[in-house]
């Protein structure tokens, strides 16, 4: 009975309580399956990427199977001593081996009286009724949970694709900002910023409600949380550091920018705190000064693209670059750990930052 209660507690924490990191064994199972997939595929080569795409669905299937097996085993442990006395076969001699107990326990989790075994005492009938209610409840909750997971996944992917398209399919935040405010007109792009900020807040809550979303990894990097968060954070960082205060101060202080910044930062922070990323950075590491120098070059490249879009930028390039470095230092280490944890290379997640002197080609 303890095993049945343990499964019910895990289902409750995973499906109903729905906060990241609260499952009893569902969280550990998901991590173990991801580790197995990651170890089997090795480096994030195309073939490995294709295999990792099956990890999320595999986790759901194996989690449901684990719940069903544990419930069956728990019921069998309770019913095994009752075989031949309180629970008997409908015809012939009653088998009393543990396999028969597994069969009787699994059958009782579906519909009362559906198997070859029949309860003969009041206690056994109550046990059958309890098992039936537990089985039907878990099945209903599981089906609902899976449907909601895929609904949340679709919304997360739609957000990633939207950001990718807004950046002209380049993954460059400077290109994103340039297209949001062509010729310095951000009035139309403001609604897009607000919508993307709301989408990031929804993505954060979706990963809280359905932590298994973290393990849905697609070959296209623009579907990843790493790319979406980086585009959003880099765009806000560029706008706050590069845009001219007199011309665009209203935008830099707007609620849409603040929401986009905080929602994206909370999302990557939540994922790092919830999932054991460890030191997942790529092998090629830069010193602190080398990283700051790369970010300064990234700032200059981004500011140049904004000028090409006729967007007024600050005339003090040095101060703007230092402001960009200060803001980027708050989130870049989080992305640097999150991306490799999902088997992406940083040049896939940050094509503009990886080679800041040459921006990705616009389409």
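The values are calculated or read from the model by the stated rules, or taken from the named source; none is laboratory data. Because the structure is a prediction, the values reported are computed rather than measured. Virtual Cβ from ideal backbone geometry, glycine too; neighbours counted across all protein chains shown.
For this structure, a couple of remarks:
Quick grid of which residues meet (1) outside the structural domain of residue 204 (by TED's automatic domain parsing); (2) modelled with pLDDT of 90 or more; (3) within 27 Å of residue 342 (Cβ to Cβ):
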position	(1), (2), (3)
10	yes, yes, yes
25	yes, no, yes
47	yes, no, yes
51	yes, no, yes
55	yes, yes, yes
62	yes, yes, yes
65	yes, yes, yes
71	yes, yes, no
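- When residues of the range 277-302 are limited to those that are loosely packed, with under 11 Cβ neighbours inside 10 Å and within 30 Å of residue 23 (Cα to Cα), the one modelled with the lowest pLDDT: 279
- In the range 75-93, the condition of being closer than 30 Å to residue 37 by Cβ and either in contact with a helix residue (DSSP H, G or I) (Cβ under 6 Å, 6 or more places away or on another chain) or surrounded by fewer than 18 Cβ atoms within 10 Å (Cβ to Cβ) (or both) is met by no residue.
- Screening the candidates 124, 65, 51 for the property of being farther than 23 Å from residue 29 by Cα and part of a helix (DSSP H, G or I) yields one hit, 124.
- The residue that is nearest to residue 266 (Cα to Cα), counting only those in the range 315-355 that are assigned to a loop (DSSP other than H, G, I, E, B) and out of contact with any helix residue (DSSP H, G or I) (no Cβ under 6 Å at 6 or more places or on another chain), is 330.
- If you check 218, 214 for being in a loop (DSSP other than H, G, I, E, B) and over 20 Å from residue 305 (Cα atoms), only one passes: 218.
- Residues that are part of a helix (DSSP H, G or I), crowded, with 22+ Cβ neighbours inside 10 Å and in contact with a strand residue (DSSP E or B) (Cβ under 7 Å, 6 or more places away or on another chain) occur in the range 305-313; there is at least one.
- Any hit, the range 233-254, residues being in a helix (DSSP H, G or I), in contact (Cβ under 8 Å) with a residue 24 or more places away in the chain and under 21 Å from the mean Cα position of the chain (by Cα): yes
- Check on residue 129, under 23 Å from residue 5 (Cα atoms) and either buried (at least 18 other Cβ atoms within 10 Å of the Cβ) or modelled with pLDDT of 90 or more (or both): no
- In a residue-by-residue description of the range 136-153, the property of being assigned to a helix (DSSP H, G or I), in the same structural domain as residue 64 (by TED's automatic domain parsing), surrounded by 13 or more Cβ atoms within 10 Å (Cβ to Cβ) and over 38 Å from the mean Cα position of the chain (by Cα) applies to no position.
- Residue match in the range 219-228 (condition: within 13 Å of the chain's Cα centre (by Cα), closer than 22 Å to residue 351 by Cα, at pLDDT below 95 and surrounded by fewer than 19 Cβ atoms within 10 Å (Cβ to Cβ)): no
- Members of the range 238-276 that are farther than 16 Å from residue 187 by Cα and either touching a strand residue (DSSP E or B) at 6+ places or on another chain (Cβ under 8 Å) or outside the structural domain of residue 304 (by TED's automatic domain parsing) (or both): 242
- Which listed residue is in contact (Cβ under 8 Å) with a residue 40 or more places away in the chain and assigned to a helix (DSSP H, G or I), from 159, 129: 159
- Any hit, the range 163-184, residues being free of Cβ contacts under 8 Å to residues at least 24 places away in the same chain, out of contact with any helix residue (DSSP H, G or I) (no Cβ under 7 Å at 6 or more places or on another chain) and not in a helix (DSSP H, G or I): no
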